[in-house]
Amino acid sequence: MTEADILADVVAAGEGDLAPEVARSILRWKFSRRSVSQMNRLAQRNQGGTITAAEREVLERYLRVGSLLNLLQAKAHLSLNSAADSER
């Protein structure tokens, strides 16, 4: 079981039960330009085989946060779709 599996269970990503305003707010969450630049640099170093252990740890942290963000945003999309379906 991966951390993403555990988070999916906690977040209940398959349930669209967020209020629309909460879902829209979550969909606005994103990494800053600085963070994206840092992730890209670390990913390049990783692909090139020149990443240090400390840098790899930082990259893995970014990946875990990215996974959580993806789960939350999937739930937000599902919630908005469910709200739209119930209005029809």
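The values are calculated or read from the model by the stated rules, or taken from the named source; none is laboratory data. Remember, predicted model here, so these are calculated numbers, not experimental data. Heads up, the Cβs are rebuilt from the backbone with ideal geometry, glycines too, and the neighbour counts pull from every protein chain shown. Surface areas here come from the heavy atoms of the whole protein model, side chains and all, with no ligands, DNA or RNA. Shrake-Rupley method; radii C 1.70, N 1.55, O 1.52, S 1.80 Å.
Put GLU3, GLU55, GLU60, GLU87 in order of accessible area, highest first, and with a 1.4 Å probe you get GLU87, GLU3, GLU60, GLU55.
Taking the chain as the region of interest, what is the percent of Cα-Cα pairs per 10 angstrom bin, listed from the shortest bin to the one with the maximum distance? In order of increasing distance, the bins hold 17, 36, 28, 15, 4, 0 percent.
Per residue, the accessible area of the chain comes to 72 Å², computed with a 1.4 Å probe over protein heavy atoms only. In a reduced charge model with +1 at each Lys and Arg Cβ and -1 at each Asp and Glu Cβ, the chain shows a dipole moment near 660 debye about its Cα centre.
Report the residues of the stretch 1-27 in range of a label on LEU68: point 7 Å along Cα→C-beta, backbone N strictly under 14 Å from it. Residues 3-12 qualify, since their backbone N sits under 14 Å from the label point.
Per-atom-type breakdown for the chain gives carbon and sulfur 53% of the accessible area (1.4 Å probe, protein chains only). For the stretch 1-46 and the stretch 53-88, what is the separation of their C-alpha centers, rounded to whole Å? Comparing the Cα centres of the stretch 1-46 and the stretch 53-88, I get a distance of 3 Å.
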